[in-house]
There are 2 protein chains.
Amino acid sequence: MIQKPSIPKGTRDFSPIEMARRNYIFDTIKRNFKLFGYKQIETPATENLSTLMGKYGEEGDKLLFKIQNSGDFLKSCSDEDLAERNLVKLTNKMCEKGLRYDLTVPFARYVVQHRNDLTMPFKRYQIQPVWRADRPQKGRYREFYQCDADVVGSDSLLNEVELLSLIDKVFCELKINVAVKINNRKILQGIAEVIGEADKIIDITVAIDKIDKIGLENVNAELRDKGLSEEAISALRPILELSGDNDAKLATMQEILKSSEVGMKGIEEMRTVMGGIDALGHTAKMEIDISLARGLNYYTGTIIEVKALDVQIGSITGGGRYDNLTGVFGMSGLSGVGISFGADRIYDVLCQLDLFPKDLDQTVKILFINFGEKEAMQSMKYVKAMREAGIAAQVCPDNSKIKKQMSMADSDHVPYVAFVGESELDKDCIVIKDMASGEQKSYTLAEAIELCK
Amino acid sequence: MIQKPSIPKGTRDFSPIEMARRNYIFDTIKRNFKLFGYKQIETPATENLSTLMGKYGEEGDKLLFKIQNSGDFLKSCSDEDLAERNLVKLTNKMCEKGLRYDLTVPFARYVVQHRNDLTMPFKRYQIQPVWRADRPQKGRYREFYQCDADVVGSDSLLNEVELLSLIDKVFCELKINVAVKINNRKILQGIAEVIGEADKIIDITVAIDKIDKIGLENVNAELRDKGLSEEAISALRPILELSGDNDAKLATMQEILKSSEVGMKGIEEMRTVMGGIDALGHTAKMEIDISLARGLNYYTGTIIEVKALDVQIGSITGGGRYDNLTGVFGMSGLSGVGISFGADRIYDVLCQLDLFPKDLDQTVKILFINFGEKEAMQSMKYVKAMREAGIAAQVCPDNSKIKKQMSMADSDHVPYVAFVGESELDKDCIVIKDMASGEQKSYTLAEAIELCK
């Protein structure tokens, strides 16, 4: 009967201090999503497997958590089916639902399902957990939150500029120094075109990414291994050696890509986006990075990735423009652009750099020690008035030893401890100890409220 | 390939306006949980089935959503197991995890698992979805949020008083007129004792509950059917006819229960709790209701239920004191008291009484019409300054027909629409239309910020 309790591997409990820190991140992101006009939606944790399957590749299908049908889950399985032990086939018969794997597919499903109620462009944000049956390891969980903002139904590059401005504001408020890397899928396509290797985009971007680490000769050797021609390798050289500021990079690229229509379109888009964000002004470093290729098959225009500058960690936010979000659900031609904040990695960055506000571990501003029935009741009245003034306050519920009650104040990092004993009861006053300075003074209720505000 | 998208039955998408309304409820509850010193925790959506099974009765086990093991889920199933088609046995072998059914069992598991890190009393709140494979019907969903606050590790009745005060404050802020019904399990136990029918508590409370609807004679007939003796029925009569205010009820009950030790303890507890909340003061009606028996097997002291007065709807909040929360996980003697706000029902009440604040459907305070590249860029700069001043603002991303852009303002219930055309560009000013009055005037940026604040 008695069990040693535990939770499924790859999942986490969040303690009060962890919740306070997570809320600090989520609240900052959410406040800015709202300031920028994004509207919140929520979708169910479970989706029909027909909605989820085939959207994340064969590997992704395996990483979906599937929910057994309730009641007789073997109803559709014949004896032959069972004897055959074909896992994919049996899962299809035993499970109709799965846990969502990301927020993008549910969003696409939402847009199609509710298209008659939506005014385009539709700016939505969504902050909810997702589940993946990945092998758990450090920093990788089976349940984690995604924080996505997307605008669909608008091709305007002002949307990209606005998302960059949003990223800038969020990390500015979180006090994290970041570099925002920006690329454009059309530029990558243009490069592949001009060197005559349209099917090798990924190999090329991997090579561009490695140049600083392993040098030109080694990169070229790798490209040869991948089957690139000598002409292509020498045509790629100016791109591998691309340097200077954003303007210099753009000028070089423009020269290289001049024969590629799609490449020139990419340059033009990049100029508009960079021009826009520079005109608005920004705190974060915004830099063109031709090696950036995240989700290449998905993004069709601007690609964005954010890296923290003072911590060795992967991308902490990413996004880009995509065409045809909803085509798979029968609604074509809907393009959009979006970003996703990586809350868990942002949490790690804030921890490592000790950037969380110091008062997040405070539960209440003031704790009243319990000296017995009458005193506690009077304290409850004070506390009620304080709460009405917006001050988090509480009375120790038990008249236990003062030392034990004071330990509650310590463990909750309470800045003020209040004492209402017999003599305070008579004088209708509150003795308050400032826990930081150790100073102790008598206050009226009104003064105490002022103090705690 | 093309699918008509839908979501699993009993689940819901929440649109922006529904989210704004839901957030209004959650934020009100959450703000008060914090003011009262409750600390937030979160637990994973999935728990080990060993944690969940057997905690909600046999019926409850069937209502758990079970997650198929990833990889070879048939690994532990022999051919004989499969041929036998024993659903319970096969589920145990195919599924290790399930979705949480409520927040109480995960909380109990949390307390035991983290007991070395917790200072008692521990006041926690938790607002998360739960899942039940119930047959969906009006107002009953397979995924819904629970909003729970509990304090464990303290026997003090001040906790009950505080929870009543919390309920009072929350519904006062939501502007819902409520009656808070209060009972005590020990009083019910005392009644059963004094009439000599200790095993018939449930039948007795059902009878008390029906007296207003069907009258004394019919209630007595039902009690006879249930096998109560004539002596018991006549001993119960003064309880069935209990009337008057709380003090009158308490006086009558005290007389009736004087021979029952546990009954008298219940009366004493009730006096302390009612005395406490009356001394603090309250807006909601607080009334002793001897027929209240919710979760009888679970609660051991005070029982609380909240009903909306102006709408025909069931209980919108409930709770009570329990012993031995964590016994099933090997940690005994931990008592606590808690309440759970029914967010979905509160939503329905606020809808029916039209009590949601009117501005919840506003996405942004001000929308800038897009008159072309240069004008839009200038508008983006104004919008950036407004956002920095905490005002939600946006520019229409596309330079589409004014009529189409104005329809965006309408559908988002934007109170101010801004026009920055060529002449405003020259004069560095903003023409703003007040959508309620139709009035249109020219403003500087600073004036516009003042207006929108």
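So which lysines pass the test for residue A:186, namely a Cα distance under 17 Å, with those fewer than 8 places away in the same chain ruled out?
Answer for residue A:186, where 17 Å is the Cα cut-off: A:200, A:249, A:258, A:265, listed by chain and number.
Given label points at 7 Å from Cα along Cα→Cβ, what nm distances, shortest first, separate residue B:50 from the same residue in every other copy?
Relative to the other copies, residue B:50 has label-point distances of 3.8 nm.
Mind checking which chain A residue has its Cβ closest to the axis relating A to B, and how many whole Å off it is?
Here the value is A:82, 2.
Using R₀ = 56 Å, calculate the FRET efficiency as 1/(1 + (r/R₀)^6) where r is the Cβ-Cβ separation of residue B:134 and residue A:254; round to 0.05.
Numbers: r = 62 Å, r/R0 = 1.11.
Step by step, r from the Cβ atoms, then E = 0.35.
Apply 1/(1 + (r/R0)^6) to the Cβ-Cβ distance of residue A:23 and residue B:450, taking R0 = 35 Å, and write down the FRET efficiency to the nearest 0.05.
Working: r = 31 Å, r/R0 = 0.89.
The value I calculate is 0.65.
Could you do me a favour and compute the accessible area per residue for the stretch A:337-453, 1.4 Å probe, result in Å²?
On the way: 5490 Å² over 117 residues.
The answer is 47 Å² per residue.
Within 10 Å of each Cβ in peptide B:20-32, how many partner chain Cβ atoms are there on average? Round it to a whole number, please.
Details: counts 3, 0, 2, 2, 0, 0, 0, 0, 0, 0, 1, 2, 2.
Mean inter-chain Cβ contacts per residue within 10 Å come to 1.
Kindly flag which residue pairs out of A:66/B:55; A:358/A:453; A:30/A:175; A:34/A:169 have an alpha-carbon separation exceeding 19 Å in this structure. Please list the in-between numbers first.
Values: A:66/B:55 23 Å; A:358/A:453 17 Å; A:30/A:175 16 Å; A:34/A:169 13 Å.
Violating the 19 Å Cα-Cα cut-off are A:66/B:55.
Please state the charge dipole magnitude for chain B, taken about the Cα centre, from unit charges on C-beta atoms (+1 on K and R, -1 on D and E), reported in debye and rounded to the nearest 20.
On the way: 60 positive and 68 negative charges, 207 e Å.
Its charge dipole is roughly 1000 debye.
Taking the label point 7 Å from Cα in the Cβ direction, how far apart in nm is residue A:413 from each other copy of itself, listed shortest first?
The projected label point of residue A:413 is separated from its counterparts by 3.8 nm.
Suppose only helical runs count, i.e. DSSP H with n ≥ 4. What mean residue ellipticity at 222 nm does that imply for the protein assembly as shown under -39500 (n - 2.57) per run, divided by all residues and rounded to the nearest 500 deg cm²/dmol?
Numbers: 34 runs with 395 residues, N = 906.
Calculated mean residue ellipticity at 222 nm is -13500 deg cm²/dmol.
Does any residue of the stretch B:269-283 lose at least 50 Å² of accessible area with all protein chains in place compared with its chain alone, and if so which ones (probe 1.4 Å)?
B:280
Which value, in debye to the nearest 20, gives the size of the charge dipole of the protein assembly as shown about its Cα centre, when Lys and Arg are +1 and Asp and Glu are -1 at the Cβ?
Details: 120 positive and 136 negative charges, 99 e Å.
The calculated dipole for the protein assembly as shown is roughly 480 debye.
Where the accessible area of the stretch A:215-315 is counted over protein heavy atoms with a 1.4 Å probe, how much of it, in %, is carbon and sulfur? Present the calculation step by step, with values, prior to reporting the outcome.
Numbers: 2270 of 4880 Å².
Answer for the stretch A:215-315: carbon and sulfur cover 46 percent of the accessible area.
State, to one decimal in nm, how far the label point of residue A:324 lies from the label point of residue A:81, with both points 7 Å from Cα in the Cβ direction.
Each label point is offset 7 Å from its Cα along the Cβ direction, giving 3.3 nm.
Across peptide A:199-205, what mean number of C-beta atoms from other chains lies inside 10 Å of a residue's C-beta? Mind dumping the intermediate values first?
Details: counts 0, 0, 0, 0, 0, 0, 0.
Shielding by partners across A:199-205 averages 0.
To the nearest 10 square angstrom, what accessible area does residue A:84 show with a 1.4 Å probe?
Surface accessible to solvent at residue A:84 totals approximately 100 Å².
For residue A:210 and residue A:224, calculate 0.36 nm times their separation in residues minus their Cα-Cα distance, and state this gained length in nm to one decimal. Walk me through the intermediate numbers first.
Working: separation 14, 0.36 × 14 = 5.04 nm, distance 1.47 nm.
Extra length available between residue A:210 and residue A:224 comes to 3.6 nm.
Give the residues of the stretch B:408-432 whose amide nitrogen is closer than 20 Å to a point set 7 Å from the Cα of residue B:385 in the direction of its Cβ.
The answer is B:416-432, whose backbone nitrogens lie closer than 20 Å to the label point.
Would you be so kind as to identify which of A:259, A:352, A:334 lies farthest towards the positive end of the dipole of the stretch A:222-373, taking Lys and Arg as +1 and Asp and Glu as -1 on Cβ and the Cα centre as origin?
Value computed over the given set: A:334.
If you take the accessible area of B alone plus A alone and subtract the pair, what total do you get in square angstrom, rounded to 100, with a 1.4 Å probe?
Working: alone 23700 and 23690 Å², together 38380 Å².
For B against A, buried area totals roughly 9000 Å².
Would you please give the residues with an amide H less than 5 Å from that of residue B:370, counting only those at least 5 places away or on a separate chain, with H modeled from the backbone geometry?
For residue B:370, whose amide H was placed from the backbone, the distant partners under 5 Å are B:396.
Enter the accessible area per residue of the stretch B:36-82 (Å², integer; probe 1.4 Å; all protein chains in place).
Working: 1700 Å² over 47 residues.
The answer is 36 Å² per residue.
Sorted from largest down, give the three principal axis spans of the alpha carbons of chain A, whole angstrom values.
93, 68, 47
Work out the mean other chain Cβ neighbour count within 10 Å for the residues of A:62-74 and drop it here as an integer.
Details: counts 2, 1, 2, 8, 7, 11, 13, 3, 10, 3, 2, 7, 5.
Mean partner shielding for this stretch: 6.
How long is the gain from residue A:231 to residue A:4 if the chain were fully straight, where each residue apart is worth 0.36 nm and the alpha carbon distance is subtracted? All intermediate terms of the calculation are to be shown ahead of the outcome.
Numbers: separation 227, 0.36 × 227 = 81.72 nm, distance 6.55 nm.
Extra length available between residue A:231 and residue A:4 comes to 75.2 nm.
Under the 0.36 nm per residue contour assumption, what length would be gained going from the current alpha-carbon distance of residue B:72 and residue B:155 to full extension?
On the way: separation 83, 0.36 × 83 = 29.88 nm, distance 4.86 nm.
So the chain would gain 25.0 nm between residue B:72 and residue B:155.
Shape verdict for the stretch A:172-214, please, from the Cα gyration tensor: rounded (a/c under 1.5), prolate (a/b greater than b/c) or oblate.
Cα axes put the stretch A:172-214 in the oblate bin.
What are the nm distances, shortest first, from residue A:428 to its equivalents in the other copies, labels at 7 Å along Cα→Cβ?
5.7
Please report, in whole Å³, the volume per residue of the convex hull around the C-alpha atoms of the protein assembly as shown.
Taking only Cα atoms, the protein assembly as shown has a hull volume of 209 Å³ per residue.
Using a probe of 1.4 angstrom, how much of the accessible area of the stretch B:88-179 is carbon and sulfur, in percent? It would help to have the intermediate numbers written out before the result.
On the way: 1280 of 3010 Å².
The value for the stretch B:88-179 is 43 percent carbon and sulfur by accessible area.
Just to be sure I understand the model, the point goes 7 Å from the Cα along the line to the Cβ. What's the resulting residue A:437 to residue A:92 distance in nm?
It is 7.4 nm.
Let me know the shape class of the stretch B:216-328, please: from the alpha-carbon gyration tensor, a ≥ b ≥ c as square roots of the eigenvalues, rounded when a/c is under 1.5, otherwise prolate if a/b is greater than b/c, or oblate.
Values: a/c = 1.36, a/b = 1.34, b/c = 1.02.
Rounded shape, in that the Cα axes give a/c under 1.5.
At a Förster distance of 30 Å, what's the computed FRET efficiency of residue B:202 paired with residue A:411, Cβ-Cβ distance as r, to 0.05? Working shown, then result.
Details: r = 42 Å, r/R0 = 1.38.
Calculated transfer efficiency: 0.10.
The values are calculated or read from the model by the stated rules, or taken from the named source; none is laboratory data. Since the structure is predicted, the reported quantities are computational estimates derived from the model, not experimental observations. Using ideal geometry, Cβ is built from the backbone for each residue, glycine included, and neighbour counts are taken over all protein chains shown. With ligands, DNA and RNA removed, areas are computed over all heavy atoms of the protein, side chains included. Shrake-Rupley method; radii C 1.70, N 1.55, O 1.52, S 1.80 Å.
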